[in-house]
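> After the structure tokens below, expect a handful of questions from me.
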Number of protein chains: 4
Amino acid sequence: MTAAANLVAALHGPRDVRLETRAVPQLGERDVLVEVRSVGVCGSDVHYYEHGRIGSFVVEQPLVLGHEVSGVVVDRGPRAVKHAVGQRVALEPGVPCGRCSECRHGRYNLCTDVRFFATPPIDGAFARYVAIHEDYAFALPDELSDDAGALLEPLSVGIWACRKGGVGLGDRVLVTGAGPIGNLAVQVARAAGATTIVSADVNRDRLARAAEHGATGAIDVSERALTPDDGPFDVLLECTGAEALTSDAIRLLRPAGSAVLVGMGPGLEARFPIAAMQAREITLVGTFRYANTYAVAIALAAAGRVDLDGLVDAHFPLEEVDLALRAGRENPSLLKVVVGVNRNPRTG
Amino acid sequence: MTAAANLVAALHGPRDVRLETRAVPQLGERDVLVEVRSVGVCGSDVHYYEHGRIGSFVVEQPLVLGHEVSGVVVDRGPRAVKHAVGQRVALEPGVPCGRCSECRHGRYNLCTDVRFFATPPIDGAFARYVAIHEDYAFALPDELSDDAGALLEPLSVGIWACRKGGVGLGDRVLVTGAGPIGNLAVQVARAAGATTIVSADVNRDRLARAAEHGATGAIDVSERALTPDDGPFDVLLECTGAEALTSDAIRLLRPAGSAVLVGMGPGLEARFPIAAMQAREITLVGTFRYANTYAVAIALAAAGRVDLDGLVDAHFPLEEVDLALRAGRENPSLLKVVVGVNRNPRTG
Amino acid sequence: MTAAANLVAALHGPRDVRLETRAVPQLGERDVLVEVRSVGVCGSDVHYYEHGRIGSFVVEQPLVLGHEVSGVVVDRGPRAVKHAVGQRVALEPGVPCGRCSECRHGRYNLCTDVRFFATPPIDGAFARYVAIHEDYAFALPDELSDDAGALLEPLSVGIWACRKGGVGLGDRVLVTGAGPIGNLAVQVARAAGATTIVSADVNRDRLARAAEHGATGAIDVSERALTPDDGPFDVLLECTGAEALTSDAIRLLRPAGSAVLVGMGPGLEARFPIAAMQAREITLVGTFRYANTYAVAIALAAAGRVDLDGLVDAHFPLEEVDLALRAGRENPSLLKVVVGVNRNPRTG
Amino acid sequence: MTAAANLVAALHGPRDVRLETRAVPQLGERDVLVEVRSVGVCGSDVHYYEHGRIGSFVVEQPLVLGHEVSGVVVDRGPRAVKHAVGQRVALEPGVPCGRCSECRHGRYNLCTDVRFFATPPIDGAFARYVAIHEDYAFALPDELSDDAGALLEPLSVGIWACRKGGVGLGDRVLVTGAGPIGNLAVQVARAAGATTIVSADVNRDRLARAAEHGATGAIDVSERALTPDDGPFDVLLECTGAEALTSDAIRLLRPAGSAVLVGMGPGLEARFPIAAMQAREITLVGTFRYANTYAVAIALAAAGRVDLDGLVDAHFPLEEVDLALRAGRENPSLLKVVVGVNRNPRTG
């Protein structure tokens, strides 16, 4: 395969995305070149787009966003043997070093030398072509659409949350936040055997979507606060980053229950209900991305245990990435916006 | 409530079950008296019936069999407050001491002072009435039939197996044996998120039932042995006790996979493929009954994640317990036989 | 044995302890009557003494304090068979129900029906005699002094902290607070294989004691704050309840490290460094008393892996309980004060 | 550094070791060149020497044995930055791929693409120089001798065994086999908090060494079989591979106890006491090498928690590797034989 040019959408500063033509990426020995098909828009993409930074990660040179990616292998490095040209793949967008202590312990999501798509200065996938080590491309079975392939990434976040919380058979799970991650957390909790799954959010449309995806209860926290009668829960999957809601939710956990922090709030610190946490021996655990989730994500999606396509509410072509990045803010009920690349715009 | 008489079916020796009238059980302070409705016939009941013993447990005085039990609360001890008279309940048939080291560690199934139904010299539930501590009676929700209430006991075995094996999202599970326990193990594995579930048995009818209950593959091991191409699996749930099949199955586990031994074979010792187990760091774990499963079992059944009624192939009245105990041997394709008590015979 | 009278020291209100004569406790069927020998003074005793309450636990009727107890069996209930009269014992001071969900799961420290010494309205052990279920009396080997027997209780807190934090071979552990609990946490961490154990406190005497007990480093946080160069640590055992110190300490944890909250601060809420906890996937876990620690505590003490007698700085007789309760406040360098009962005062 | 020649001792066939001069290894980008100091003789080296194979691993071309290695960095690849020239290091002798599923899960000891010293066709360290990726060389603190650096490898086996068995505070541990691995398992169990550690072997000298290293009991199984009175134990660390002894030892485990299989017997299969394992829910786990142990091993040895030098009974120079490989067989009481390279022969 030879590709003369690689069209990308690069962020030059807040709300300044420009279409550019770059060289097609050079392939390392075991890299594959992937012609991109679907790229999901993540809240972090939107945050970079709005503010030009997330915390200490600052966009100092033009950055290609997008890290929820599926595509087709169109070329291979000289020692890449895992995927044939033509293979549809989903990309795990962070390639860790494989050698440090975190990697050796299987916690590669905490590798400090990871190269993660769309995290400065590593470019992401709002592009015609991206290259990645073949071990981080996963063959997509026919059951999965291109969009579903891209959404394996947020699905991985949901899997990781459930794993960290030990969600299992017969569990009662509270999921705060019913955006894409919250919706996926609901689905994964159900797939893991949870039988009571309550979704809490301020947006009725999102709550309705959570109910479609397996939530057995919904609480509109714009109308009323959580109360003890809403509980108890075995696990809290916190997907909002909202401080007060998180505290209220932790108080609903049963003795020895677990709270998993997925959502990120604006502050470096937050207040927690420490007396309740001590009296009930609550476990609180932070999460950062995920590890060893892609094979599981594919298995769940291919078996129909989770519904990824049902989260997608809008498509935009690569040429309209800025519209895609603004869509969610303009309509908060939109769950997931996907940028379709190398295909007919808007038809998915 | 006063009940003049308690009809029971007592085993006096191999193949010698006699209907007898005994006194209605006296109630301890926190006991409930339960009018029995459904009692499942377990392989252990059949073994006692055929041989008068199981290993070192010998029937030396008339023993009432039956430990898979549902019924209705009809009386309460003076300090029993948990269930109202009239409440439908399922019984967890083993009451541990609550004080020994095993109990304190939460492993109460290993309590050596447990009083377990139908284990000499403790009588079981082929009877009109049984008494039990109120904490071992679990309220049955309306969604569950009497039969389903009784089958929470073998369902508990399946839950325990999956828990011991750590079955979870996206797992590939091999279940050897497709009798009632194997069928339930298949169902629980599916409910826990397993996406590949292969059932292996010598009986085609049973394999077909496993497929109905969620098995994604079936191997008739009367026709061919397991081969490496059948694997790899993350977890083996072994429900046969067959030595050669177990060894073959263990060899199909992935590195660091787990084998859970549920089925019991005839011998005190068995051969295992130790070289493979060491090279791949396989974990092998024995199981004995279950602990902390009933609330989960009820949640799963009430949510429709498992199907218990679908396992029941025949009913007999209390007066025909001996027929019930012989039915499985006469027709190995029967999955579960239930003795219906205090209701119209054969109509369930 | 017959004992005419039971001298106790009862708290009637803040700073109002009175010596009283009560009846010797009646024995339940499996209770033992224990002639008390050593009772350690705990911070919670002091708090009740000073304030008449701890949070929602209010002293509304005269309360006997003291829950760190050793003594000698002098009588037995009719079915108590575990200990002979004359047996020296340490008492696990909380007797749980043994039947609830927490008890059945092995988390009996979270049993809401627990009867715990010196927690209103349950009397403690500043008394000549106490009664307890025989399974909560542990035979003291000859290697252990009466004082050591009493200090198995705070040792249990240290064991529980290390267990919750998963302290193990080669771990780097930060212990904030070098009071009795902090000192014991240091000792247990060392016994569990930790090789770097840094103690942080505001009191130089206490830091020196920690160093004697195995701390490999000491930080006087009255002189300087913790800095990144002090870390990283695998586990934090937080024994102060001080909000700012806890936050600083959490920031020193390695990725996927654990913080165990043992110390209790004044507030219901506290601020935590959530951004760091998420980015590094820190686990934070609350603790409440302990479960299944006494056999381990005895084994560690009898084997000389921990030094309990070395923590005891002062003795008072039962008649001077109020002095014992005030001693720590008057001299913050005192680690542990013990009330000696039924023996020569002040000679221990 | 330039080194004209690399003297190695290569195994050409059973009992046929020849001194040869080879080229000094070429360095990969991040490799270090290590001048070897100490190489421990392992049972696997002896087995290759005697038989020319271990199971399916066959010596088909001349193979340099030796995988317990310490030395000094004398050269570095162009991108190796971790160790300065002159740094004393111990080598973790297996370099895994870092990308496969096992590696990503932190189970890199099960990586099928691992390059492990002295495992055909990968050469080991009975040589003047070896090369290895810098991340698999660990800086040796001054407290550790060259011999101790080499013995971090078998120490890792002991650490891994204890980790797999969950050995912890107050545990009662049975270690079958008192050779080097058994002795190290005893030491590590003690360092991890075990308070009862019984060593069982057929050799009185080895049992005496185990007692010196922390065993609290010794059983000469050439004189008598294990009996129930020897137990119960929480964990069995099986370091013999002897089938009958293993079965006897498993029977001594408490309910829910764990047996860790370290020793390898001659057969592909072995008999286990399955009825006892099921009735008591014993966990049996195979082990293969180790993962993530070197940092811990160094910390334990540097802190004096384990004694490595005390295991070394004899030294031989590189030129006498064949004598070193025969020494153990000629005197079974020898625990560990070390080949000293690049230093004065026999003086260590």
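The values are calculated or read from the model by the stated rules, or taken from the named source; none is laboratory data. These figures come from a predicted structure and were not determined experimentally. Using ideal geometry, Cβ is built from the backbone for each residue, glycine included, and neighbour counts are taken over all protein chains shown.
> Could you say which residue among C:GLY182, C:GLY214, C:GLY177, C:GLY170 is out of contact with any Ser or Thr (no Cβ under 7 Å at 6 or more places or on another chain), over 25 Å from C:GLY106 (Cβ atoms) and in contact (Cβ under 8 Å) with a residue 24 or more places away in the chain?
Working: C:GLY182 fails: out of contact with any Ser or Thr (no Cβ under 7 Å at 6 or more places or on another chain); C:GLY177 fails: out of contact with any Ser or Thr (no Cβ under 7 Å at 6 or more places or on another chain); C:GLY170 fails: out of contact with any Ser or Thr (no Cβ under 7 Å at 6 or more places or on another chain).
After applying the criteria, what remains is C:GLY214.
> Does any residue of the range C:37-53 turn out to be within 14 Å of chain B (Cβ to nearest Cβ), touching an Asp or Glu at 6+ places or on another chain (Cβ under 9 Å) and buried (at least 18 other Cβ atoms within 10 Å of the Cβ)?
No, there is no match, as no residue in the range C:37-53 is within 14 Å of chain B (Cβ to nearest Cβ), touching an Asp or Glu at 6+ places or on another chain (Cβ under 9 Å) and buried (at least 18 other Cβ atoms within 10 Å of the Cβ).
> Within the range C:110-122, is there a residue that is at pLDDT 95 or above and under 19 Å from C:LEU261 (Cβ atoms)?
Yes, there is a match, as at least one residue in the range C:110-122 is at pLDDT 95 or above and under 19 Å from C:LEU261 (Cβ atoms).
> Something else about it: Which condition does B:GLU143 not pass, out of (1) in contact with an Asp or Glu (Cβ under 9 Å, 6 or more places away or on another chain); (2) in contact (Cβ under 8 Å) with a residue 60 or more places away in the chain, if it passes all the others?
Unmet condition: (1).
> Sticking with this one: When you check A:ARG37 against the structure, is it in contact (Cβ under 8 Å) with a residue 24 or more places away in the chain and within 22 Å of D:GLY106 (Cβ to Cβ), yes or no?
no
> I'd like to verify a number: residues in the range D:199-233 that are within 14 Å of another protein chain (Cβ to nearest Cβ) and within 21 Å of the chain's Cα centre (by Cα), how many?
Within the range D:199-233, residues that are within 14 Å of another protein chain (Cβ to nearest Cβ) and within 21 Å of the chain's Cα centre (by Cα) number 2.
> Further question on the same structure: Which fully enclosed strands (runs of 3 or more DSSP E) of the range D:161-221 have 1 or more residues being crowded, with 24+ Cβ neighbours inside 10 Å and of a type in the set (S, T, N, Q)?
D:172-176, D:196-201
> Hey, can you tell me all the residues within the range A:317-343 that are out of contact with any His (no Cβ under 7 Å at 6 or more places or on another chain) and buried (at least 22 other Cβ atoms within 10 Å of the Cβ)?
A:LEU318, A:VAL321, A:ALA324, A:LEU325, A:GLY328, A:LEU335, A:LYS336, A:VAL337, A:VAL339, A:VAL341
> Just for the range A:55-71: of the residues that are in contact with a Lys or Arg (Cβ under 8 Å, 6 or more places away or on another chain) and surrounded by 19 or more Cβ atoms within 10 Å (Cβ to Cβ), which one is nearest to A:VAL36 (Cα to Cα)? Talk me through it step by step, then tell me what you get.
Just the residues of the range A:55-71 that are in contact with a Lys or Arg (Cβ under 8 Å, 6 or more places away or on another chain), to begin with: A:59, A:62, A:70-71.
In the following step, the residues that additionally are surrounded by 19 or more Cβ atoms within 10 Å (Cβ to Cβ) were identified as A:59, A:70-71.
Numbers: A:VAL59: 23, A:SER70: 6, A:GLY71: 4 Å.
My answer is A:GLY71.
> I need the full set of residues from the range A:251-275 which are in contact with a strand residue (DSSP E or B) (Cβ under 8 Å, 6 or more places away or on another chain) and closer than 24 Å to C:GLY106 by Cβ, in order please.
Matches in the range A:251-275: A:LEU252, A:LEU253, A:ARG254, A:ALA256, A:GLY257, A:SER258, A:ALA259, A:VAL260.
> Step by step: first the residues of the range A:236-262, then only those that are closer than 12 Å to A:SER199 by Cα and not small (Gly, Ala, Ser), then the one that is surrounded by the most Cβ atoms within 10 Å (Cβ to Cβ). Which residue is that? Steps first, answer last, please.
To start, the set of residues in the range A:236-262 that are closer than 12 Å to A:SER199 by Cα comprises A:236-240, A:249.
With not small (Gly, Ala, Ser) added as a condition, the list becomes A:236-240.
Details: A:LEU236: 29, A:LEU237: 34, A:GLU238: 27, A:CYS239: 29, A:THR240: 24.
Of everything passing the filter in the range A:236-262, A:LEU237 is surrounded by the most Cβ atoms within 10 Å (Cβ to Cβ).
To keep it simple, each residue is scored yes or no on (1) more than 28 Å from B:TYR108 (Cα to Cα); (2) more than 22 Å from the chain's Cα centre (by Cα); (3) among the hydroxyl-bearing types (Ser, Thr, Tyr); (4) more than 10 Å from every other protein chain (Cβ to nearest Cβ).
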| position | (1), (2), (3), (4) |
| --- | --- |
| C:SER70 | yes, no, yes, yes |
| C:ARG79 | no, yes, no, yes |
| C:VAL85 | yes, yes, no, yes |
| C:ARG104 | no, yes, no, no |
| C:ARG107 | no, no, no, no |
| C:LEU110 | no, no, no, no |
| C:PHE116 | no, no, no, yes |
| C:VAL130 | yes, no, no, yes |
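> Now a separate question. Consider A:LEU300 against the criteria (1) touching a strand residue (DSSP E or B) at 6+ places or on another chain (Cβ under 9 Å); (2) among the hydrophobic types (A, V, I, L, M, F, W, C); (3) under 30 Å from A:ARG128 (Cβ atoms): it satisfies all of them except one. Which criterion is unmet?
Every condition holds for A:LEU300 apart from (1).
> Tally up the residues in the range C:132-149 that are more than 14 Å from chain D (Cβ to nearest Cβ), in contact with a helix residue (DSSP H, G or I) (Cβ under 6 Å, 6 or more places away or on another chain) and in a loop (DSSP other than H, G, I, E, B), please.
2
> Please name all residue pairs, on different chains or six or more residues apart, with Cβ atoms under 9 Å, provided the first residue is in the range A:74-99 and is without any contact (Cβ under 8 Å) to a residue 24 or more places away in the chain and the second residue is basic (Lys, Arg).
Partner pairs satisfying both residue conditions: A:ALA84/A:ARG76; A:PRO96/A:ARG115; A:PRO96/D:ARG104; A:CYS97/A:ARG115; A:GLY98/A:ARG104; A:GLY98/D:ARG99; A:GLY98/D:ARG104; A:ARG99/D:ARG30.
> Residues in the range D:150-185 that are under 22 Å from D:GLU68 (Cα atoms) and away from chain C (no Cβ under 14 Å): how many?
Adding up the residues that qualify gives 11.
> Check off (1) over 23 Å from A:VAL157 (Cα atoms); (2) without any contact (Cβ under 8 Å) to a residue 24 or more places away in the chain for A:GLU60 and give me the number that stays unchecked.
Unmet condition: (2).
> Taking the condition closer than 30 Å to B:GLY13 by Cβ and facing another protein chain (nearest Cβ under 9 Å), does B:PRO121 pass?
Criteria not met by B:PRO121.
> Can you pull out the residues in the range A:188-204 that are in contact (Cβ under 8 Å) with a residue 40 or more places away in the chain, over 14 Å from A:LEU236 (Cα atoms) and in contact with a Leu (Cβ under 9 Å, 6 or more places away or on another chain)?
A:ALA191
> Tell me yes or no: at least one residue of the range A:15-32 is exposed (fewer than 14 other Cβ atoms within 10 Å of the Cβ), on the phi > 0 side of the Ramachandran plot and in contact with a Phe, Trp or Tyr (Cβ under 7 Å, 6 or more places away or on another chain).
Yes.
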